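In what follows, a single structure is set out as structure tokens and then discussed.
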Amino acid sequence: MLRFLIRRLIVALLVAATVMTLAFAMTRLSGDLAISIAGPSATQADIETVRKAYGLDRPLVTQFFDWVGRASVGDLGESFFFKRRVSELIGERLPVTLTLGLTGLVIALLVSLPLGILAAVKENTAFDRLVQIVALLGQAMPSFWLGLLLMIVFGLQLGWLPISGTDSWQGYIMPGVVLAFSAIPALTRLTRAGMIQAMASDYIRTARAKGLSRASILLKHALRNAAIPVVAIAAVQLGFMLGGSIVIEQVFALHGVGFLAWESIAKNDFPVVQADVLVLAVIYIGLTMLADLLNAVLDPRLRGA
Amino acid sequence: MSALLEVEKLEVTFGKTAAVRGASLTVAPGETHCLVGESGCGKSVTALSVMNLLVRSAQRRAQRLAFQGEDLLKLSDRGMARLRGNAMAMIFQEPMTSLNPAYTVGSQMTEVLRRHKGASQRAATDRAADLLARVGITAPGMRLGQFPHQLSGGLRQRVMIAMALMCDPQLLIADEPTTALDVTVQAQILRLLAGLQRDLGLGLLLITHDLGIVARVATRVSVMYAGEVVESAPTAELFANPKHPYTQGLLRCVPVPGKIQRDQPLGAIPGTVPRVGPAFEGCAFRERCDFADETCKHAIPTHHAGATHDFLCRLPA
Amino acid sequence: MRRGWRNAGTWAGAIIVGIAAFCALFAPLLVPHDPFAQDLGKRLLVPFWMPGTDPNHLLGTDQLGRDYLARLIYGCRISMMIGCSVSLVSGIIGITLGVLGGFMGGRVDDVVLFAITTRLSLPVVLVALAVVGLLGSSMTLLMITMGVLLWDRFAVVARATTMQVRNLDFVSAAWCAGCSRFRILAGEVLPNIASHLVVVATLEIALAILLEAALSFLGLGVPPPLPSWGLMIAEAKDYMFFSPWVIVIPGVCLFVLVLGINLLGDGLRDMLGARSDT
């Protein structure tokens, strides 16, 4: 078990290192960054000033190792635009994104788990087909469009929820629902498939032969086994949600990490963009490791010996 | 003494296929009743339909299906659940997959007693430990905290047996409990079952395809073929005096040391079990029977009910 | 029973995709007006189901007086073009990686798995935005960027199915008969994994269309004045409270097209027998 964790950690570190490299390379794609930063109306002298000020006159390799060295200890550089340390900026915005992601995940689980279980119990009935249709519709829905529609209906016409900002917890509901939409189809399908498989297994027949109640068989025996992959996938889905939150944050004007990235791209503030990619990737890696851990915790067969 | 389990003319169909086409048997209290037949003859389905553990798509009908006099056909699912694991218990063929991998042995055993008799966790754990010792498992306390994947097949089957006995059932149905085990373990489990049956006065309905097992433990035997019980008799009587051509054929197939001679070919029953659809007429065994004639194709075999020895054939013994 | 439903869904999907393909191919012939022609005197005309409509513009006009229906049809062409080309590019990358990893195993497979894991860790939308933001938006750049970012599904499925096929007996038989690795790959492996990959390709088109719409919505996708549906929704955002149809219509088009592609993909999966555990 420990060996497995150590191996995963090593791979995770290697992936993080690769992402660091990719993030660096990505921001250098346009060739001369100084020109982009200085703007279209800059003179040659302006460009030179920019180049010196941001260390862009050094060889690329030096810049790279400087970035890697500092990022590894948490120093993510300084934002050109905000004139502040990037790690501070991200640290401020991260709670918003994390809250948004967790809200989305909780909503998704609250919907997917019961739907999946019921669809499995009523396999091949009209209800089951309805659930599958709902999953299909959820997959096709463009998230930003759904966000806008919800804003129009619930924010404007009904006035129930605030249409932007995070002044109150209600501000997280609509964006959370939109995020949940992206995860519900996969989680529902997985729960349903897992439950159908579990219910058909021999140990469920034994449970029935023991005269246990329907609820006990379904929720205690079947779900416990069916939920194992669902929980792991849920952690990974959270990772996707966090990575993809940029669109939702823009639509609902939530000042999270995604929104910061979008602003920074518009302003060519490449230290922030670079660092953002790295931070989000590291969070995703952490979540996949958490998923593995959860798998081991929930499935006794994966532990020890 | 009233019968423990009465099955009369049980019929079970899955869609168009008739798995059981009129099986009848009776299990008396304290009796070891073996239900014998080849694969696909419907013996497992019979056992499952007694406990009503069939899949939803199965249709079950019977003239009478009673346990300790109580009509099982009229019982709701909840009523059945009250009996299952309680007064009647069942163990299955595949010990490797019959236990829930996510819960400890102890929790799976105690939940039965707590459900049916409302016992406390402490009392249930004590009983579970007792029973584990009873079935020959050493260090029962440790075993209770282990997970199924940590036990061997033989151990798991012993756990299944102990679990089935938690609530002191009167009837234990064992569906081929040793088939999936190593040969050496098979003998141990059988001995265990026979011993328990004797000590606890259980009624045991043992499903098997192995005549050797029948000879060793059964007090009464019912032979099944193509969904019907074709012969039923006390063990000694059946082996000495088989009346149905199928039984006779079966017994010829078993090499008995001493009786059989070298270079003598082993008996065999030519042909295979027919697929019995709804339009099937006559006797299912006719293609493979030495005594069959034209009328066997259409006439329903008659049931000869002796005092203790029944069989199903158009022709007399 | 389920088969029957699938068939109805598959047909619906096929029809939707068919209409979309038709619009995409014959867009210049179908549009009533030039989608780029502005007429500031005829801004924000309402569609035909509302009072005060202009019969010249069935679905009204947008905020610069451009015919809405024309822009929708052209938008369909753009979505389909991007969807198909991205699926092609990502398919080539992903299938190559997946088959190599699945077939060779060992170190090669480790590298492929590592590449997949790294790709999955990347926040795709963010990276795409950053690249387009830095290099300027153009159709070509967009297609290449998305193609280079969306190959993970192809790789995972190609790898898994290749591994399954590799272990089958007839592959061992071909090995024994002295076939070269290449012949085995081309002759035995590829034909057997093809059905799974066709399904993935179809579903990837849908994913690419959704991603492009999101990028265009954020202003860093298809460059204006090209009428991407995502861009149309973004442009309409300022007017959405007064003229909600400007947002609703392209969104519905997106939704229906993606739904149709997904239905078709699922139907293909059933028909080609490519159902697996995912």
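Residues checked against (1) polar (S, T, N, Q); (2) more than 14 Å from chain C (Cβ to nearest Cβ); (3) more than 29 Å from A:Gly256 (Cα to Cα); (4) outside any helix (DSSP H, G or I):
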residue: A:Lys83; (1), (2), (3), (4): no, yes, no, yes
residue: A:Thr99; (1), (2), (3), (4): yes, yes, no, no
residue: A:Asp128; (1), (2), (3), (4): no, no, yes, no
residue: A:Gly138; (1), (2), (3), (4): no, no, no, no
residue: A:Val153; (1), (2), (3), (4): no, no, no, no
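Being out of contact with any Lys or Arg (no Cβ under 8 Å at 6 or more places or on another chain) and at positive phi is true for just one of B:Asp130, B:Asp199, B:Asp210, B:Asp168. Which residue is that? Spell out how you get there, then give the answer.
On the way: B:Asp130 fails: at positive phi; B:Asp199 fails: at positive phi; B:Asp210 fails: at positive phi.
After ruling out the rest, the residue left standing is B:Asp168.
Find the residue count for the stretch B:202-229, including only residues that are farther than 23 Å from B:Leu171 by Cα and of a type in the set (A, V, I, L, M).
Number of matching residues: 1.
So, in the stretch C:79-98, exactly how many residues are buried (at least 24 other Cβ atoms within 10 Å of the Cβ) and hydrophobic (A, V, I, L, M, F, W, C)?
Residues flagged as buried (at least 24 other Cβ atoms within 10 Å of the Cβ) and hydrophobic (A, V, I, L, M, F, W, C) within the stretch C:79-98 amount to 3.
In the stretch B:58-73, is there at least one residue being surrounded by fewer than 19 Cβ atoms within 10 Å (Cβ to Cβ), within 13 Å of another protein chain (Cβ to nearest Cβ) and not aromatic (Phe, Trp, Tyr)?
No, every residue in the stretch B:58-73 fails to be surrounded by fewer than 19 Cβ atoms within 10 Å (Cβ to Cβ), within 13 Å of another protein chain (Cβ to nearest Cβ) and not aromatic (Phe, Trp, Tyr).
When both residues are 6+ apart or on different chains and their Cβ atoms are under 9 Å apart, which pairs have a first residue that lies in the stretch C:129-155 and is under 24 Å from C:Val99 (Cβ atoms), and a second that is at pLDDT 90 or above and not in a helix (DSSP H, G or I)?
Correct list of pairs: C:Leu149/C:Leu122.
Answer with yes or no whether B:Arg134 is at the interface with another protein chain (Cβ under 10 Å from one of its Cβ atoms), basic (Lys, Arg) and over 14 Å from A:Thr206 (Cα atoms).
no
C:Val248 fails exactly one of the following numbered conditions: (1) within 27 Å of C:Gln38 (Cβ to Cβ); (2) surrounded by fewer than 24 Cβ atoms within 10 Å (Cβ to Cβ); (3) under 16 Å from the mean Cα position of the chain (by Cα). What is the number of that condition?
Going through (1) within 27 Å of C:Gln38 (Cβ to Cβ); (2) surrounded by fewer than 24 Cβ atoms within 10 Å (Cβ to Cβ); (3) under 16 Å from the mean Cα position of the chain (by Cα) one by one, C:Val248 breaks only (3).
Report whether or not C:Ala155 is surrounded by 22 or more Cβ atoms within 10 Å (Cβ to Cβ), within 18 Å of the chain's Cα centre (by Cα) and on the phi < 0 side of the Ramachandran plot.
Considered against the rule, which asks whether it is surrounded by 22 or more Cβ atoms within 10 Å (Cβ to Cβ), within 18 Å of the chain's Cα centre (by Cα) and on the phi < 0 side of the Ramachandran plot, C:Ala155 comes out as yes.
Just give me the residues in the stretch C:125-142 being more than 7 Å from every other protein chain (Cβ to nearest Cβ), in a helix (DSSP H, G or I) and surrounded by fewer than 21 Cβ atoms within 10 Å (Cβ to Cβ), in sequence order. Reasoning before the result, please.
Kept after step one, since they are more than 7 Å from every other protein chain (Cβ to nearest Cβ), are these residues of the stretch C:125-142: C:128, C:132, C:136-142.
Remaining after also requiring in a helix (DSSP H, G or I): C:128, C:132, C:139-142.
Across the stretch C:125-142, the qualifying residues are C:Met139, C:Thr140, C:Leu141.
Taking the residues in the stretch B:81-108 that are more than 8 Å from chain A (Cβ to nearest Cβ) and over 20 Å from A:Ala198 (Cα atoms) as candidates, determine which candidate is farthest from the chain's Cα centre (by Cα).
Within the stretch B:81-108, the match that is farthest from the chain's Cα centre (by Cα) is B:Gly106.
Does the stretch C:166-174 contain any residue that is of a type outside the set (A, V, I, L, M, F, W, C), surrounded by 14 or more Cβ atoms within 10 Å (Cβ to Cβ), within 20 Å of C:Val108 (Cβ to Cβ) and under 16 Å from the mean Cα position of the chain (by Cα)? Let's see the steps before the verdict.
Going through the stretch C:166-174, the residues of a type outside the set (A, V, I, L, M, F, W, C) turn out to be C:166-167, C:169, C:172.
Now drop any that are not surrounded by 14 or more Cβ atoms within 10 Å (Cβ to Cβ), which leaves C:166.
Then drop every residue that is not within 20 Å of C:Val108 (Cβ to Cβ), which leaves C:166.
From what is left, the residues that are under 16 Å from the mean Cα position of the chain (by Cα) are none.
No, there is no match, as no residue in the stretch C:166-174 is of a type outside the set (A, V, I, L, M, F, W, C), surrounded by 14 or more Cβ atoms within 10 Å (Cβ to Cβ), within 20 Å of C:Val108 (Cβ to Cβ) and under 16 Å from the mean Cα position of the chain (by Cα).
Criterion first (touching a residue at least 40 places away in the same chain (Cβ under 8 Å) and under 17 Å from C:Leu218 (Cα atoms)) does A:Phe270 satisfy it?
Details: touching a residue at least 40 places away in the same chain (Cβ under 8 Å): yes; under 17 Å from C:Leu218 (Cα atoms): no.
Spelling it out, it is not the case that A:Phe270 is touching a residue at least 40 places away in the same chain (Cβ under 8 Å) and under 17 Å from C:Leu218 (Cα atoms).
Among the residues that make up the stretch C:258-278, is at least one of them surrounded by fewer than 19 Cβ atoms within 10 Å (Cβ to Cβ), part of a helix (DSSP H, G or I) and within 11 Å of chain A (Cβ to nearest Cβ)?
No, because not a single residue in the stretch C:258-278 is surrounded by fewer than 19 Cβ atoms within 10 Å (Cβ to Cβ), part of a helix (DSSP H, G or I) and within 11 Å of chain A (Cβ to nearest Cβ).
Counting only residues that are surrounded by 22 or more Cβ atoms within 10 Å (Cβ to Cβ) and without any contact (Cβ under 8 Å) to a residue 24 or more places away in the chain, how many does the stretch B:25-57 have?
Count: 0.
Could you run through the stretch B:121-177 and say how many residues are in contact (Cβ under 8 Å) with a residue 12 or more places away in the chain, of a type in the set (A, V, I, L, M) and over 30 Å from B:Cys41 (Cα atoms)?
Adding up the residues that qualify gives 10.
Just need a number here: residues in the stretch A:286-303 that are in a helix (DSSP H, G or I), out of contact with any Pro (no Cβ under 6 Å at 6 or more places or on another chain) and among the charged types (D, E, K, R). Break it down stepwise before answering.
So the first thing to find is which residues in the stretch A:286-303 are in a helix (DSSP H, G or I), and the list is A:286-298, A:300-302.
Then drop every residue that is not out of contact with any Pro (no Cβ under 6 Å at 6 or more places or on another chain), which leaves A:286-298, A:300, A:302.
From what's left, among the charged types (D, E, K, R): A:292.
Counting residues in the stretch A:286-303 that are in a helix (DSSP H, G or I), out of contact with any Pro (no Cβ under 6 Å at 6 or more places or on another chain) and among the charged types (D, E, K, R) gives 1.
Hey, which of the helices (runs of 4 or more DSSP H) in the stretch C:179-241, taking only ones fully inside, have at least 2 residues that are modelled with pLDDT of 85 or more, more than 10 Å from every other protein chain (Cβ to nearest Cβ) and over 20 Å from C:Leu135 (Cβ atoms)?
C:190-217, C:229-236
Among the listed residues C:Leu207, C:Leu218, C:Leu197, identify the single one that is touching a helix residue (DSSP H, G or I) at 6+ places or on another chain (Cβ under 7 Å) and within 24 Å of C:Val248 (Cα to Cα).
Sole residue among the options that is touching a helix residue (DSSP H, G or I) at 6+ places or on another chain (Cβ under 7 Å) and within 24 Å of C:Val248 (Cα to Cα): C:Leu218.
Applying the selection to the stretch A:270-284, what residues are within 11 Å of chain C (Cβ to nearest Cβ) and touching a Leu at 6+ places or on another chain (Cβ under 9 Å)?
Residues satisfying the conditions are A:Phe270, A:Val272, A:Val273, A:Gln274, A:Asp276, A:Val277, A:Leu278, A:Val279, A:Leu280, A:Ala281, A:Ile283, A:Tyr284.
Could you name every one of the helices (runs of 4 or more DSSP H) located completely within the stretch A:158-252 that has at least 1 residues being more than 14 Å from chain C (Cβ to nearest Cβ)?
Where helices (runs of 4 or more DSSP H) fall fully within the stretch A:158-252 and carry at least 1 residues being more than 14 Å from chain C (Cβ to nearest Cβ), they are A:173-199, A:202-209, A:223-243.
Checking the conditions here, which among A:Ile90, A:Ile6, A:Ile10 is crowded, with 17+ Cβ neighbours inside 10 Å and β-branched (Val, Ile, Thr)?
A:Ile90
Which residues, taken from the stretch B:61-94, are among the polar types (S, T, N, Q) and in contact (Cβ under 8 Å) with a residue 40 or more places away in the chain?
B:Gln63, B:Gln68, B:Asn86, B:Gln93
Scan C:Leu134, C:Leu126, C:Leu59, C:Leu141 and give me the residue that is farther than 28 Å from A:Thr97 by Cβ and among the aliphatic types (A, V, I, L, M).
Within the list C:Leu134, C:Leu126, C:Leu59, C:Leu141, the selection yields C:Leu59.
Give, as residue ranges, the helices (runs of 4 or more DSSP H) completely inside the stretch B:153-256 that count at least 2 residues that are more than 25 Å from B:Arg115 (Cβ to Cβ) and of a type in the set (Val, Ile, Thr).
By residue number, B:183-200, B:211-217.
The values are calculated or read from the model by the stated rules, or taken from the named source; none is laboratory data. Predicted, not measured: the structure shown is a model, and the values here were computed from it. Ideal geometry is used to build each Cβ from the backbone, glycine not excepted, and the neighbour counts take in all protein chains shown.
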